[in-house]
């Protein structure tokens, strides 16, 4: 019955779309045509470069991909052309109806109703898109843009023609553009006309790297790139007064036989003096002095401190140690002037978080007779020493039906007069549980409390010198962190303490490294006896076995003939495993697996690890949708404690494990790789992919991975056809409440497109799964044994609607289980693609 209803709904939707398609020309005036398509042919072929399709000034109304439906056009057509005047006219021509309405709503409310109707009408116009009408003037502009496009590629004689192709459908047409490129022009020679000898000498040193190469086809952007290259090269070698406008190229193609003869011209420096100008040769400048002025005006200078060649102006008080200031400045006395040093100084001072954006200026030394020396001055203004923030929040999850919290942070700057920062944060949350399994009758029965402190040094805080390996232009920093977290009535109730020492630096603007030399975490479960109340699937499996064995002894079961928690479950598993309660092999194996899982998830954890994380990310800001990001991470845990245990002579337990402070420490190695790539197409269309692979291999003191370091699958940022922790491991079908494993593969692809205004759409496919490998798991369905097990990779597909608020994106994604490895073979494909089986995910920002 549900399937029949679904088919009817789909039919109604498509029927509505077809009928509304007749409305596309609703706002097209008589005698005009709606543009439905641009056809472009280059030498009778489709253009290979997709950007050519964006060149015509007039583009057809935007359509939703796949169904090719102009939604925004139809939204616009819903609006009335003159809603304000229509409503005013109705009021004037229907006084009796107006009087009746005023009697019900009042005159003021009637006016507000009219204003709201006008406002809604305007919203429809803003959200929608007016019909694109074919205009002759815009066709000529489009042809001119196409000519220029190919002119820039060396086709100087390109011809562009067009035809308007009327369709059988009323008031609809296509425009066909026909481009005949003819033969291209090629670069023949490059001559120079450089007025200043100093710049001419610089050019001779770099001309071999010129992008203008004889014999290559003319390409206009190369000349622009070569201009930028020369400007950057010379500005970083002392040409302080050189402007980009001083550099230009001229080309001669007259009677050259389709050859381009180019001339590079670099003009002299223009000096304006009152009503006249004079021209002088460019010179190469050196830095005579570097002056640093922190929080001091010219009339407030009381002293000057000279440190490593820098002059530091001192006012009423000196807040900063000289070294902390000079370490952030890359311009040095005696150096040739470089734009690079200026930009690095600006970036580094901004990163310190102690100052507002610095003012960096250069001016000629008035005492220099050669007139080729500059004085650099860096003016700094400190931020407030203390900054306090309060951030309230509301939360919802599969554990919390509703929660409210408060995050408080205190930032203290320049702690030790070296631009160090201390960031202390407190967070608290109270919530109402999604179910009453914890037995607490209070509405706010869940509590979370945490505190973190991070001390950051803007340098490598290490006893050995690292300047040769990690110079200061790589923005090195050191973080000391310490944190505490406690949660009650959530899971088994936990308390954790963590601390760490990490180093960060940036090799290039797109490459960065983080080394966690020490990352220590101790997790204590406060209520391990509540395991079977929290993990209901494990309890259900154990209770089923007790039913099969007809267990009725009050030692094990309660008045409802179910295993009591915790005494009954504890006694039952103990007596099954020691043979007091006879079982068959399958029952014994199941109880052993449940008990091992209970022991693992309820035990305390002590993890002391080190990790290395390298990231390459060429994204230029949050609005860049054409980028790639590669992250490589390696974590190693337990080796330090193992070495200490050997030295201290700590003996192993009966099962070959060692304990520190009464807790078995974890020992494992965990490599991960994460790659993201975005391709941006025309009109806001984006294709994005993500690949992730990770494995955590236990060894030494461990035969499994702590829950907090394991992998899980599913959720709004992973495979969206499954809830978080619902997928896997392997083909087990998610038999546990929280499924996790020590190996993961994830593959995601998503096509994003605009719908209307701030509304965005997406279609996606998510593949992946988790498995156990080289650990204590003995369930064959959960273990990755060979490449054949890749057939257990799950596939979820679906669609999403997103609303872009500008500073964040609210996301609604609907996923369908397209291939479910948890089902029997032969029943895995397209078994759960009904709307009733869909999984709705709500998220903030994009998943990758």
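The values are calculated or read from the model by the stated rules, or taken from the named source; none is laboratory data. No experiment lies behind these values; they were computed from the predicted model shown. As a convention, Cβ positions derive from the backbone with ideal geometry for all residues, glycine included, and neighbour counts pool all protein chains shown.
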Boolean, residue 325 is buried (at least 16 other Cβ atoms within 10 Å of the Cβ) and either assigned by TED's automatic domain parsing to the domain that holds residue 234 or part of a strand (DSSP E or B) (or both): no
Criterion violated by residue 284 - all others in (1) touching a strand residue (DSSP E or B) at 6+ places or on another chain (Cβ under 8 Å); (2) without any contact (Cβ under 8 Å) to a residue 60 or more places away in the chain; (3) assigned to a loop (DSSP other than H, G, I, E, B) satisfied: (2)
Qualifying residue in region 185-195 (condition: at pLDDT 95 or above and either within 39 Å of the chain's Cα centre (by Cα) or not in a strand (DSSP E or B) (or both)): yes
Region 749-766 residues that are on the phi > 0 side of the Ramachandran plot, paired with ones that are surrounded by 19 or more Cβ atoms within 10 Å (Cβ to Cβ) and modelled with pLDDT of 95 or more (beta carbon under 7 Å, 6 or more apart): none
Residue match in region 206-224 (condition: closer than 22 Å to residue 338 by Cβ, touching a residue at least 24 places away in the same chain (Cβ under 8 Å) and over 36 Å from the mean Cα position of the chain (by Cα)): yes
Verdict on residue 299 being farther than 25 Å from residue 420 by Cβ, free of Cβ contacts under 8 Å to residues at least 60 places away in the same chain, part of a loop (DSSP other than H, G, I, E, B) and out of contact with any strand residue (DSSP E or B) (no Cβ under 6 Å at 6 or more places or on another chain): no
Qualifying residue in region 631-643 (condition: in contact with a helix residue (DSSP H, G or I) (Cβ under 8 Å, 6 or more places away or on another chain) and either farther than 20 Å from residue 695 by Cβ or not in a strand (DSSP E or B) (or both)): no
Members of region 340-356 found to be over 19 Å from residue 287 (Cβ atoms) and more than 26 Å from the chain's Cα centre (by Cα), listed by number: 354, 355, 356
Residue among 759, 784 that is farther than 22 Å from residue 833 by Cβ and surrounded by fewer than 17 Cβ atoms within 10 Å (Cβ to Cβ): 759
From the options 718, 781, 775, 804, residue that is out of contact with any helix residue (DSSP H, G or I) (no Cβ under 7 Å at 6 or more places or on another chain) and within 17 Å of residue 828 (Cα to Cα): 781
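Can you find a residue that is assigned by TED's automatic domain parsing to the domain that holds residue 291, in a loop (DSSP other than H, G, I, E, B) and free of Cβ contacts under 8 Å to residues at least 40 places away in the same chain anywhere in region 343-357?
So far as region 343-357 goes, yes, one or more of its residues are assigned by TED's automatic domain parsing to the domain that holds residue 291, in a loop (DSSP other than H, G, I, E, B) and free of Cβ contacts under 8 Å to residues at least 40 places away in the same chain.
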Output for region 55-76, where each listed residue is without any contact (Cβ under 8 Å) to a residue 12 or more places away in the chain and on the phi > 0 side of the Ramachandran plot: 68
Odd one out for residue 177, checked against (1) in contact with a helix residue (DSSP H, G or I) (Cβ under 7 Å, 6 or more places away or on another chain); (2) part of a helix (DSSP H, G or I); (3) in contact (Cβ under 8 Å) with a residue 40 or more places away in the chain: (2)
Test result for residue 238, surrounded by fewer than 16 Cβ atoms within 10 Å (Cβ to Cβ), in contact (Cβ under 8 Å) with a residue 24 or more places away in the chain and not in a helix (DSSP H, G or I): no
Number of positions in region 791-829 that are outside any strand (DSSP E or B) and within 28 Å of the chain's Cα centre (by Cα): 5
Residue count, region 746-756 (criterion: under 24 Å from residue 710 (Cα atoms) and buried (at least 21 other Cβ atoms within 10 Å of the Cβ)): 2
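Assigned by TED's automatic domain parsing to the domain that holds residue 619, more than 17 Å from the chain's Cα centre (by Cα), at pLDDT 95 or above and more than 22 Å from residue 602 (Cβ to Cβ), is that true of residue 689?
Judged against the criteria, residue 689 is not a match.
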Test for residue 567: is it at pLDDT below 95, more than 22 Å from residue 706 (Cα to Cα) and more than 27 Å from the chain's Cα centre (by Cα): yes
Test: residue in region 124-131 that is at pLDDT 95 or above, in contact with a strand residue (DSSP E or B) (Cβ under 6 Å, 6 or more places away or on another chain) and surrounded by 15 or more Cβ atoms within 10 Å (Cβ to Cβ): no
Matching entry among 287, 271 (being closer than 30 Å to residue 195 by Cβ and either surrounded by 18 or more Cβ atoms within 10 Å (Cβ to Cβ) or touching a helix residue (DSSP H, G or I) at 6+ places or on another chain (Cβ under 9 Å) (or both)): 287
Residue among 547, 529 that is within 30 Å of residue 586 (Cβ to Cβ), touching a helix residue (DSSP H, G or I) at 6+ places or on another chain (Cβ under 9 Å) and either surrounded by fewer than 17 Cβ atoms within 10 Å (Cβ to Cβ) or not assigned by TED's automatic domain parsing to the domain that holds residue 590 (or both): 529
